[in-house]
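Beneath this line is the structure, given in structure tokens, with notes to follow.
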Amino acid sequence: RACLPELPEIHEEDEEDRRRQREEEKRRVLQAQQAARNPNKNVAARLALAREAPAGEAPEVPMRSTEFTSMKGHELIPLVDVRRIQSQCLHLQPGVNVETLMDFHKAKEYFAKACSSRPSTSLSTPGGRRSS
């Protein structure tokens, strides 16, 4: 007889545990992918992350108090100030896309550059004559 090294015995239970772990990992990844596609869960996840963030890192949301009358009497309820947020946004009308925003930004830069390099003409009128 030749001397063969002993091979470790492979237990069926260990294989079954590994298979279960792989399947569970696949299931978790699939659930995470599905949750990322679900807008409600995506928003919920973002809100949870914002709540857990330190106070200095979280952006401040503009709020306004609105008065409601209920059976309890007058209540001041803090609500998000949507109009203030919209006023800080560019081109909210329909049909605006990245290209139009980029064109707007380029025109704004061009205008600012042209105004800064142009000499002051506040005292003169077109044609170079002074107004009297």
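Structure values in brief
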{"item": "Placed amide H near Asp81: partners under 5 Å, 5+ positions off or other chain", "result": "Met63, Arg64"}
{"item": "With all protein chains modelled, accessible area of Arg18 [1.4 Å, Å²]", "result": "120"}
{"item": "Sparse-neighbour loop sites [trypsin sites (Lys or Arg not before Pro); the stretch 62-105; at most 10 other C-beta within 10 Å; DSSP]", "result": "Lys72"}
{"item": "Whole-Hz ³J(HN,Hα) from phi, Karplus 6.51 cos²θ - 1.76 cosθ + 1.60, for the stretch 72-89, glycine and proline x", "result": "7, x, 7, 10, 9, 10, x, 10, 5, 7, 5, 4, 5, 5, 5, 5, 8, 8"}
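The values are calculated or read from the model by the stated rules, or taken from the named source; none is laboratory data. This structure is a prediction, so every number in the text was calculated from the model and none was measured. When we count neighbours, we look across all protein chains shown, and the Cβ atoms used for this are built from the backbone with ideal geometry, even at glycine. The accessibility values were calculated without ligands, DNA or RNA, using every heavy atom of the protein model including side chains. Shrake-Rupley method; radii C 1.70, N 1.55, O 1.52, S 1.80 Å.
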